[in-house]
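The values are calculated or read from the model by the stated rules, or taken from the named source; none is laboratory data. Every value quoted in this text rests on a predicted model; they were computed, and no experiment measured them. Note that we place each Cβ from the backbone using ideal geometry, even for glycine, and neighbour counts take in every protein chain shown. Ligands, DNA and RNA are stripped out before the accessible areas are found, and what is left, the full protein with its side chains, is counted by its heavy atoms. Shrake-Rupley method; radii C 1.70, N 1.55, O 1.52, S 1.80 Å.
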Amino acid sequence: EDEQKRRLIRERIRDFPDFPSPGVLFRDISPMLKDPVAFKAAIDLLESYIKASHKNIDYIAGLDSRGFLFGPVLAQRLGVGFLLIRKKGKLPGATESISYALEYGKAELEVQKDAVKPGQKVIIVDDLLATGGTMRAACELMTKLQADILDCLVLIELSFLKGVEALKPFPLYSLLQYH
Ligand code: PRP
Ligand code: ADE
(Lines give C-alpha, C1' and ligand atoms only; values in the text may rest on other atoms or scores of the structure.)
(Ligands and ions follow the chains in the order given, each with its own letter.)
Protein backbone atom coordinates (compact mmCIF):
# COMPACT_ATOMS: atom_id res chain seq x y z
CA GLU A 1 0.00 0.00 0.00
CA ASP A 2 2.63 2.55 1.10
CA GLU A 3 5.06 1.17 -1.48
CA GLN A 4 2.41 1.56 -4.17
CA LYS A 5 1.92 5.19 -3.13
CA ARG A 6 5.68 5.76 -3.28
CA ARG A 7 5.83 4.18 -6.73
CA LEU A 8 3.03 6.42 -8.00
CA ILE A 9 4.74 9.55 -6.66
CA ARG A 10 8.04 8.54 -8.25
CA GLU A 11 6.28 7.97 -11.60
CA ARG A 12 5.01 11.56 -11.45
CA ILE A 13 8.42 13.21 -10.98
CA ARG A 14 10.25 14.10 -14.18
CA ASP A 15 13.84 15.07 -14.88
CA PHE A 16 15.25 18.09 -16.65
CA PRO A 17 19.02 17.95 -17.30
CA ASP A 18 20.99 21.19 -16.97
CA PHE A 19 18.23 23.19 -15.27
CA PRO A 20 18.56 25.84 -13.91
CA SER A 21 22.31 25.57 -14.59
CA PRO A 22 24.69 23.14 -16.36
CA GLY A 23 25.28 19.88 -14.48
CA VAL A 24 22.10 20.05 -12.39
CA LEU A 25 19.47 17.35 -12.95
CA PHE A 26 16.27 19.10 -11.94
CA ARG A 27 13.52 16.93 -10.38
CA ASP A 28 10.21 18.49 -11.38
CA ILE A 29 7.21 17.74 -9.16
CA SER A 30 4.65 19.44 -11.45
CA PRO A 31 3.20 16.17 -12.84
CA MET A 32 2.70 14.93 -9.27
CA LEU A 33 0.89 18.12 -8.27
CA LYS A 34 -1.34 17.79 -11.36
CA ASP A 35 -2.42 14.27 -10.39
CA PRO A 36 -4.73 14.47 -7.36
CA VAL A 37 -4.18 10.79 -6.53
CA ALA A 38 -0.39 11.16 -6.49
CA PHE A 39 -0.55 14.47 -4.61
CA LYS A 40 -2.83 12.89 -2.00
CA ALA A 41 -0.51 9.88 -1.73
CA ALA A 42 2.38 12.20 -0.82
CA ILE A 43 0.33 14.03 1.80
CA ASP A 44 -1.02 10.74 3.21
CA LEU A 45 2.48 9.28 3.62
CA LEU A 46 3.86 12.40 5.31
CA GLU A 47 0.83 12.63 7.60
CA SER A 48 1.05 9.01 8.73
CA TYR A 49 4.80 9.33 9.32
CA ILE A 50 4.27 12.42 11.49
CA LYS A 51 1.39 10.85 13.44
CA ALA A 52 3.44 7.71 14.12
CA SER A 53 6.58 9.63 15.13
CA HIS A 54 5.65 12.84 16.94
CA LYS A 55 3.15 14.28 19.35
CA ASN A 56 2.43 17.69 20.86
CA ILE A 57 3.49 19.46 17.67
CA ASP A 58 2.92 23.23 17.83
CA TYR A 59 3.56 24.18 14.20
CA ILE A 60 4.46 22.99 10.75
CA ALA A 61 6.93 25.43 9.14
CA GLY A 62 7.18 25.52 5.34
CA LEU A 63 10.10 26.65 3.20
CA ASP A 64 9.55 29.29 0.51
CA SER A 65 8.32 28.36 -2.03
CA ARG A 66 7.81 24.66 -2.67
CA GLY A 67 7.47 23.88 1.03
CA PHE A 68 4.31 25.99 0.86
CA LEU A 69 2.71 23.34 -1.38
CA PHE A 70 2.85 20.66 1.32
CA GLY A 71 3.16 22.35 4.72
CA PRO A 72 -0.28 23.99 4.98
CA VAL A 73 -2.26 20.89 3.99
CA LEU A 74 -0.25 18.80 6.49
CA ALA A 75 -0.83 21.40 9.20
CA GLN A 76 -4.57 21.27 8.54
CA ARG A 77 -4.63 17.47 8.70
CA LEU A 78 -2.77 17.57 12.01
CA GLY A 79 -4.86 20.41 13.43
CA VAL A 80 -1.86 22.69 14.01
CA GLY A 81 -0.81 26.09 12.67
CA PHE A 82 1.53 26.86 9.79
CA LEU A 83 4.62 29.12 9.80
CA LEU A 84 6.22 30.84 6.80
CA ILE A 85 9.99 30.64 6.37
CA ARG A 86 10.50 33.05 3.50
CA LYS A 87 13.16 34.26 1.12
CA LYS A 88 14.55 37.55 2.41
CA GLY A 89 12.61 40.77 2.08
CA LYS A 90 9.09 39.32 2.03
CA LEU A 91 8.08 39.44 5.70
CA PRO A 92 6.99 42.57 7.61
CA GLY A 93 7.92 43.42 11.19
CA ALA A 94 10.90 42.24 13.21
CA THR A 95 12.68 39.28 11.59
CA GLU A 96 15.67 37.00 11.95
CA SER A 97 17.55 36.05 8.80
CA ILE A 98 20.30 33.71 7.65
CA SER A 99 22.21 33.33 4.37
CA TYR A 100 23.06 29.97 2.85
CA ALA A 101 24.21 28.11 -0.26
CA LEU A 102 22.12 25.62 -2.19
CA GLU A 103 22.74 23.21 -5.12
CA TYR A 104 22.49 26.00 -7.70
CA GLY A 105 23.18 29.30 -5.97
CA LYS A 106 22.81 31.18 -2.75
CA ALA A 107 20.01 32.97 -0.95
CA GLU A 108 18.77 34.27 2.38
CA LEU A 109 15.89 33.00 4.52
CA GLU A 110 13.86 34.98 6.99
CA VAL A 111 11.30 34.37 9.72
CA GLN A 112 9.27 36.72 11.93
CA LYS A 113 10.73 36.96 15.42
CA ASP A 114 7.35 36.30 17.02
CA ALA A 115 6.71 33.16 14.92
CA VAL A 116 7.32 30.88 17.90
CA LYS A 117 7.78 31.12 21.64
CA PRO A 118 10.92 29.51 23.11
CA GLY A 119 10.48 25.75 23.41
CA GLN A 120 7.61 25.41 20.95
CA LYS A 121 7.79 22.26 18.82
CA VAL A 122 8.14 22.65 15.08
CA ILE A 123 8.37 20.32 12.07
CA ILE A 124 9.95 21.85 8.95
CA VAL A 125 8.69 20.81 5.50
CA ASP A 126 10.10 21.24 1.99
CA ASP A 127 9.76 19.43 -1.34
CA LEU A 128 13.36 18.37 -1.79
CA LEU A 129 16.71 18.04 -0.04
CA ALA A 130 19.74 18.49 -2.31
CA THR A 131 22.90 19.74 -0.56
CA GLY A 132 20.88 20.39 2.58
CA GLY A 133 21.95 24.03 2.62
CA THR A 134 18.40 25.35 2.61
CA MET A 135 17.05 22.98 5.26
CA ARG A 136 20.10 23.50 7.49
CA ALA A 137 19.64 27.28 7.27
CA ALA A 138 15.97 26.88 8.19
CA CYS A 139 16.93 24.79 11.23
CA GLU A 140 19.50 27.35 12.34
CA LEU A 141 16.99 30.15 11.83
CA MET A 142 14.34 28.43 13.94
CA THR A 143 17.01 27.66 16.53
CA LYS A 144 17.70 31.40 16.80
CA LEU A 145 14.07 31.70 17.92
CA GLN A 146 14.66 28.84 20.39
CA ALA A 147 12.17 26.59 18.61
CA ASP A 148 12.41 22.88 19.38
CA ILE A 149 12.88 21.27 15.95
CA LEU A 150 11.24 17.85 16.10
CA ASP A 151 11.94 16.85 12.51
CA CYS A 152 12.64 17.93 8.93
CA LEU A 153 10.52 16.39 6.15
CA VAL A 154 10.95 16.31 2.39
CA LEU A 155 9.35 14.33 -0.43
CA ILE A 156 12.61 13.90 -2.32
CA GLU A 157 16.16 13.38 -1.05
CA LEU A 158 19.08 13.53 -3.48
CA SER A 159 21.15 11.08 -1.41
CA PHE A 160 24.36 11.42 -3.44
CA LEU A 161 24.68 15.06 -2.33
CA LYS A 162 24.87 13.95 1.32
CA GLY A 163 22.42 16.56 2.58
CA VAL A 164 21.66 14.41 5.63
CA GLU A 165 25.28 14.81 6.73
CA ALA A 166 25.13 18.58 6.27
CA LEU A 167 21.96 18.69 8.33
CA LYS A 168 23.34 16.87 11.39
CA PRO A 169 22.42 16.95 14.25
CA PHE A 170 19.00 17.90 12.87
CA PRO A 171 16.99 14.86 11.72
CA LEU A 172 15.56 14.17 8.26
CA TYR A 173 12.74 12.05 6.90
CA SER A 174 12.29 11.63 3.13
CA LEU A 175 9.62 9.78 1.15
CA LEU A 176 11.81 9.07 -1.89
CA GLN A 177 15.56 8.83 -2.34
CA TYR A 178 17.39 9.43 -5.61
CA HIS A 179 20.88 7.94 -5.83
C1 PRP B 1 14.91 24.33 -3.96
C2 PRP B 1 14.12 23.29 -3.18
C3 PRP B 1 14.74 23.37 -1.82
C4 PRP B 1 16.21 23.66 -2.12
C5 PRP B 1 17.06 22.44 -1.96
O6 PRP B 1 14.39 25.60 -3.69
O7 PRP B 1 12.73 23.59 -3.18
O8 PRP B 1 14.18 24.40 -1.03
O9 PRP B 1 16.23 24.15 -3.48
O10 PRP B 1 18.43 22.68 -2.28
P11 PRP B 1 19.60 22.50 -1.19
O12 PRP B 1 19.30 21.26 -0.39
O13 PRP B 1 20.84 22.36 -2.02
O14 PRP B 1 19.63 23.70 -0.34
P15 PRP B 1 14.79 26.94 -4.47
O16 PRP B 1 15.78 27.71 -3.65
O17 PRP B 1 15.14 26.61 -5.89
O18 PRP B 1 13.47 27.82 -4.40
P19 PRP B 1 11.95 27.59 -4.81
O20 PRP B 1 11.37 26.63 -3.81
O21 PRP B 1 11.39 28.96 -4.66
O22 PRP B 1 11.88 27.06 -6.22
N1 ADE C 1 16.58 22.15 -5.57
C2 ADE C 1 17.91 21.97 -5.44
N3 ADE C 1 18.36 21.04 -6.29
C4 ADE C 1 17.26 20.61 -7.00
C5 ADE C 1 17.07 19.65 -8.02
N6 ADE C 1 18.09 18.92 -8.50
N7 ADE C 1 15.82 19.46 -8.51
C8 ADE C 1 14.78 20.20 -8.03
N9 ADE C 1 14.91 21.11 -7.06
C10 ADE C 1 16.14 21.32 -6.55
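A few points about this structure:
- Here the Gaussian network model covers the chain, with springs between Cα atoms less than 10 Å apart; of ALA61, ALA138, ALA115, ALA115 fluctuates the most.
- For the pair ASP15 and TYR49, label points projected 7 Å from Cα toward Cβ lie 2.2 nm apart.
- Highest-fluctuation residue, TYR104, TYR49, TYR59 considered, GNM on the chain with Cα pairs under 10 Å: TYR104
- Ordering of 162-173, 126-137 by packing [mean C-beta count within 10 Å, highest first]: 126-137, 162-173
- Modelled spin labels at LYS40 and VAL24, positioned 7 Å past Cα toward Cβ, are 3.3 nm from each other.
- Averaging the sequence gap over all C-alpha pairs within less than 8 Å and six or more residues apart, then dividing by the number of residues, gives the chain a relative contact order of 17 percent.
- Relative contact order %, segment 1-100, counting alpha carbon pairs below 8 Å whose residues are six or more apart: 19 percent
- Dimensions (Å) - segment 33-129, Cα atoms, principal axes, largest first: 36, 33, 20
- Among beta bridges from DSSP that stay inside the chain, the antiparallel ones total about 40%.
- Zone residues, segment 97-119, relative to GLU140, backbone N less than 16 Å from point 7 Å out along Cα-to-Cβ: 97-103, 105-111
- Most mobile of PHE70, PHE26, PHE39 in a GNM of the chain (Cα contacts under 10 Å): PHE26
- Gyration tensor verdict on segment 36-80 (Cα atoms; rounded if a/c is under 1.5, prolate if a/b is larger than b/c, oblate otherwise): oblate
- Spherically averaged projected area in nm², based on the convex hull that wraps the Cα atoms of segment 1-70: 5.9 nm²
- Near-label residues of segment 10-25 by backbone N, under 18 Å of a point 7 Å along Cα→Cβ of GLU165: none
- In the chain, the DSSP-assigned H stretches of four residues or longer account for a calculated mean residue ellipticity at 222 nm of -9500 deg cm²/dmol, using -39500 (n - 2.57) per stretch and the full residue count as denominator.
- According to the Kirkwood relation over distinct C-alpha pairs, the hydrodynamic radius of segment 140-179 is 11.0 Å.
- The chain: C-alpha gyration tensor shape, a/c 1.5 cut-off, then a/b vs b/c: oblate
- Placing a label point 7 Å from the Cα of ASN56 along the Cα-to-Cβ direction, the residues of segment 116-159 with a backbone N closer than 18 Å are 116-124, 146-151.
- Table column - 3J(HN,Hα) (Hz), segment 56-68, Karplus curve with 6.51, -1.76, 1.60, x for Gly and Pro: 6, 6, 8, 8, 9, 10, x, 8, 4, 10, 6, x, 6
- Ranking of ASP2, ASP35 by solvent-accessible surface, largest first: ASP2, ASP35 (1.4 Å probe, protein heavy atoms only, all chains present).
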